[in-house]
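Structure record follows, encoded as structure tokens.
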Amino acid sequence: AGTAWGEDEEEGAAAREKGRQAFNISSFFSLLSTQNLGHIMLYNATLSSTQTLLYEDLNLEHDGVLVVADRQSNARGRGNNSWDSPEGCLVFSFTFRARASLLPF
């Protein structure tokens, strides 16, 4: 099992009742089969940016931390691209530092 912080399942249930797909934390953890990735998760129905929260606001060093949102209002990607994600999209970011000895080059 993992640990999640953020909005509770009631928020997701309310979204589903309104016909919106919302991320289901219980289902996620019941299907999780990784050793590290995703066992620590931060969730909120709407975030400005999962990347900003993870890498700038929190500046986490732990591998495998997952930040999930149903919607982003100021998402950002490579090359300073930014966008708003429409409802119904699952958006996420996670920490991962590849060990050089495991890379194929």
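Quick one: what does P(r) look like for the range 30-83 with 10 Å bins over all Cα pairs, in whole %?
The calculated distribution, bin by bin, is 23, 48, 26, 2.
Would you rank I40, I25 by solvent-accessible area, highest first, keeping every protein chain in place and using a 1.4 Å probe?
Values: I40 60, I25 20 Å².
From most accessible down to least: I40, I25.
With a sphere of radius 14 Å drawn around the Cβ of D63, what net charge do the other residues whose Cβ falls strictly inside it have (Lys, Arg +1; Asp, Glu -1)? If you can, show how the numbers build up before the last one.
Working: positive: R97, R99; negative: E61.
Taking every Cβ under 14 Å from that of D63, the sum is +1.
Counting only protein heavy atoms and a 1.4 Å probe, tell me what percentage of the range 32-96's accessible area is made up of carbon and sulfur.
On the way: 1880 of 3840 Å².
Carbon-and-sulfur percentage of accessible area, whole number: 49.
Can you give me the accessible area per residue for the range 36-105, using a 1.4 Å probe, in Å²?
Per-residue value: 64 Å².
Got a sec to turn the phi values of the range 77-91 into Karplus ³J(HN,Hα) couplings, 6.51 cos²θ - 1.76 cosθ + 1.60 with θ = phi - 60°, whole Hz, x for Gly and Pro?
After applying 6.51 cos²θ - 1.76 cosθ + 1.60, I find x, 5, x, 6, 5, 9, 6, 9, 7, x, 4, x, 8, 9, 10 Hz.
The values are calculated or read from the model by the stated rules, or taken from the named source; none is laboratory data. Keep in mind that what you see is a predicted model, and the values were worked out from it rather than measured. With ideal geometry, Cβ positions are generated from the backbone for all residues, glycine too; neighbour counts draw on all protein chains shown. For the accessible areas, the whole protein counts, side chains as well, though only heavy atoms, and no ligand, DNA or RNA atoms are used. Shrake-Rupley method; radii C 1.70, N 1.55, O 1.52, S 1.80 Å.
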